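First comes the structure, then the notes that go with it.
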Amino acid sequence: MTGVLRDAYGLTVSTGSRAAVDAYDRGVRALLGFGAETVDEFRRAVAADPDFVLARAALAVALYLDEQLPAGRAEMERAVTDGAAQATTLTGREGRHVEALRLFVGGRGNDAIPVMKEILAEHPRDVLLMQRLYFIYFWQGRSADMLEVTTGVLPALEDDGYSLGYHAFALEENRRFDEALPLAERALAQNPRDAWAVHAITHVHYERGENRRGIEALPPRIHPCDHLGYFRNHLLWHLALLHLAEGDYERGGRLFESVFGRIPIAIASDLQDSVALAWRLDLYGQSDPKRWTQLAEAARRWIDMPLLLFHDLHVGMALSAAGDWAAAEGHVERLRARGKKSKNSTLPQVVVPLLEGLHAFARGDYAGCVARIEPVDARVVEVGGSHAQREVFHDTLLAAALRGRMRNQAVSLLERRLAKRPNPGHFWEHAWRGAAEGEPSEYQKRGDG
């Protein structure tokens, strides 16, 4: 349908269907807010106007993020074809917007970065591209670049609560907690259902060691977010981390059961969170083999599906913790083979040795774990995710040094860990007392078994 209207952010879109634009706007808001209805809203936009190229490209992105990769790429191919047919009527921004998303859905995030940056410099209210660029950087561990993105667009989006929440989280990941918290609170005042702003607040409390405050604040903040899909589980995962940081391992274990133990693990985020929580519980002496039976079964479906490097690590953790060494070794061998062909040095130089170290830990080879992980510890940031998410890798190195009675490494790693976030009553505090006195702590003794 030929015509020109404006979307909710005031940007020109090539469609004459108001119903299509309204559905597109709802889809964009759902994408920004992690709504379970994102795919459906973009489908409604395309149904209202099948020639609405931006809506079809957005649908492709939503399907891709939902791990419906063939369907997402098919929709993107049609969006590109339709865009070429409408080249004389699409605006320059729309054409470049589709090109940037084509690169993203095609797995060429690094190639998409300059295109997205160029568009945002001219059109800072293109929030869909802002979010995609932000998350490309997030999954590369580039928190300074995330902050650069939100700082650049915020002057044009100060009226937009979602953008405030994204900026708040970027500030938090750059350890600017005093700025992040009030900004996230401001975003929630505009929209209590802004799950990413809730997420930013949770991270601030966790990183500051304000565990009790976070435990009290998070549940009433999650409650209004009744539109969420998998992201609700991620917020509850954060609640479990706060309980673990407070030393309440029993509550952390119960949260594993209530959140992940009774659902099919069918999307990458749920696998990452469930594996990371189960692994932490094992570190703290709260192991349960039944967890790993469930998680390894889920992880096997991703063995041949390359997604994020961060996700690949969690697949390998699940398989090794379950003792499925045939699958675990086959998985890491596939990563080694991919690493020989990849232009991304993080895969062969960081992910493979890190996963080999995690395998060694699962086998009880603590010296081997330290030997593989310690040389890449400073580069773990490159696997992506947040500080809180990557902490499980650093803590595994620390646990291996403690269990392996490597006193010099253990003391150094404990000093670093406790300087970051002291947690009285936590395992690391108990471990510190044992290491400082030169005696095995209860934690080290637990590792002997």
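Numbers below:
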| read-out | value |
| --- | --- |
| Answer from D51, D25 - the residue that is part of a helix (DSSP H, G or I), open to solvent by 10 Å² or more (accessible area, probe 1.4 Å) and farther than 23 Å from Y137 by Cβ | D25 |
| Residue pairs meeting the criteria (Cβ under 7 Å; at least 6 apart or on separate chains; first under 20 Å from D282 (Cβ atoms), in the range 298-323; second open to solvent by 10 Å² or more (accessible area, probe 1.4 Å) and in a loop (DSSP other than H, G, I, E, B)) | A298/I265; F310/W139; V315/I303 |
| One residue from L313, L319 being open to solvent by less than 20 Å² (accessible area, probe 1.4 Å), within 28 Å of S342 (Cβ to Cβ) and over 20 Å from the mean Cα position of the chain (by Cα) | L319 |
| Qualifying residues in the range 97-126 (those that are open to solvent by 60 Å² or more (accessible area, probe 1.4 Å) and over 24 Å from the mean Cα position of the chain (by Cα)) - the one farthest from E148 (Cα to Cα) | E99 |
| Selection count where residues are open to solvent by less than 20 Å² (accessible area, probe 1.4 Å) and either among the small types (G, A, S) or over 21 Å from I113 (Cα atoms) (or both), scope the range 161-175 | 7 |
| Selected residue (only one of R417, R446 is modelled with pLDDT under 95, in a helix (DSSP H, G or I) and either among the aromatic types (F, W, Y) or closer than 22 Å to W237 by Cβ (or both)) | R417 |
| Residue in the range 357-366 that is under 28 Å from T202 (Cβ atoms) and either at pLDDT below 95 or in a loop (DSSP other than H, G, I, E, B) (or both) present | no |
| One residue from E374, E333 being touching a helix residue (DSSP H, G or I) at 6+ places or on another chain (Cβ under 7 Å), open to solvent by 40 Å² or more (accessible area, probe 1.4 Å) and without any contact (Cβ under 8 Å) to a residue 40 or more places away in the chain | E374 |
| Positions within the range 78-91 being open to solvent by 50 Å² or more (accessible area, probe 1.4 Å) and over 16 Å from F42 (Cα atoms), in sequence order | V80, T81, A84, A85, A87, T88, T89 |
| Residue in the range 241-249 that is over 21 Å from the mean Cα position of the chain (by Cα) and surrounded by fewer than 17 Cβ atoms within 10 Å (Cβ to Cβ) present | no |
| L59 vs. criteria under 14 Å from D126 (Cα atoms), modelled with pLDDT of 95 or more and buried (at least 21 other Cβ atoms within 10 Å of the Cβ) | no |
| E67, sole failed condition from (1) open to solvent by 40 Å² or more (accessible area, probe 1.4 Å); (2) under 25 Å from P306 (Cα atoms); (3) not polar (S, T, N, Q) | (1) |
| Test for L157: is it crowded, with 22+ Cβ neighbours inside 10 Å and of a type in the set (A, V, I, L, M, F, W, C) | no |
| Residue in the range 372-393 that is within 17 Å of S287 (Cβ to Cβ) and modelled with pLDDT of 80 or more present | yes |
| Qualifying residue in the range 197-211 (condition: at pLDDT below 95, more than 20 Å from S258 (Cα to Cα), open to solvent by less than 30 Å² (accessible area, probe 1.4 Å) and in contact with a Lys or Arg (Cβ under 6 Å, 6 or more places away or on another chain)) | yes |
| Inter-residue pairs, beta-carbon under 7 Å, first under 14 Å from N191 (Cβ atoms) and in the range 20-38, second of a type in the set (D, E) and surrounded by fewer than 20 Cβ atoms within 10 Å (Cβ to Cβ), 6+ apart | A30/E37 |
| Number of positions in the range 170-221 that are within 12 Å of S386 (Cβ to Cβ), without any contact (Cβ under 8 Å) to a residue 40 or more places away in the chain and polar (S, T, N, Q) | 1 |
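Condition check ((1) touching a helix residue (DSSP H, G or I) at 6+ places or on another chain (Cβ under 7 Å); (2) at positive phi; (3) at pLDDT 95 or above) across all residues:
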position: S258; (1), (2), (3): no, no, yes
position: I267; (1), (2), (3): yes, no, no
position: D270; (1), (2), (3): yes, no, yes
position: S274; (1), (2), (3): yes, no, yes
position: A278; (1), (2), (3): yes, no, yes
position: L281; (1), (2), (3): yes, no, yes
position: Y284; (1), (2), (3): yes, no, no
position: T293; (1), (2), (3): no, no, yes
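The values are calculated or read from the model by the stated rules, or taken from the named source; none is laboratory data. Everything numeric here is computed off the predicted structure, so don't read it as measured data. Here Cβ is always computed from backbone atoms with ideal geometry, including for glycine, and neighbour counts include all displayed protein chains. Keep in mind that these areas ignore ligands, DNA and RNA; they rest on the heavy atoms of the full protein, side chains included. Shrake-Rupley method; radii C 1.70, N 1.55, O 1.52, S 1.80 Å.
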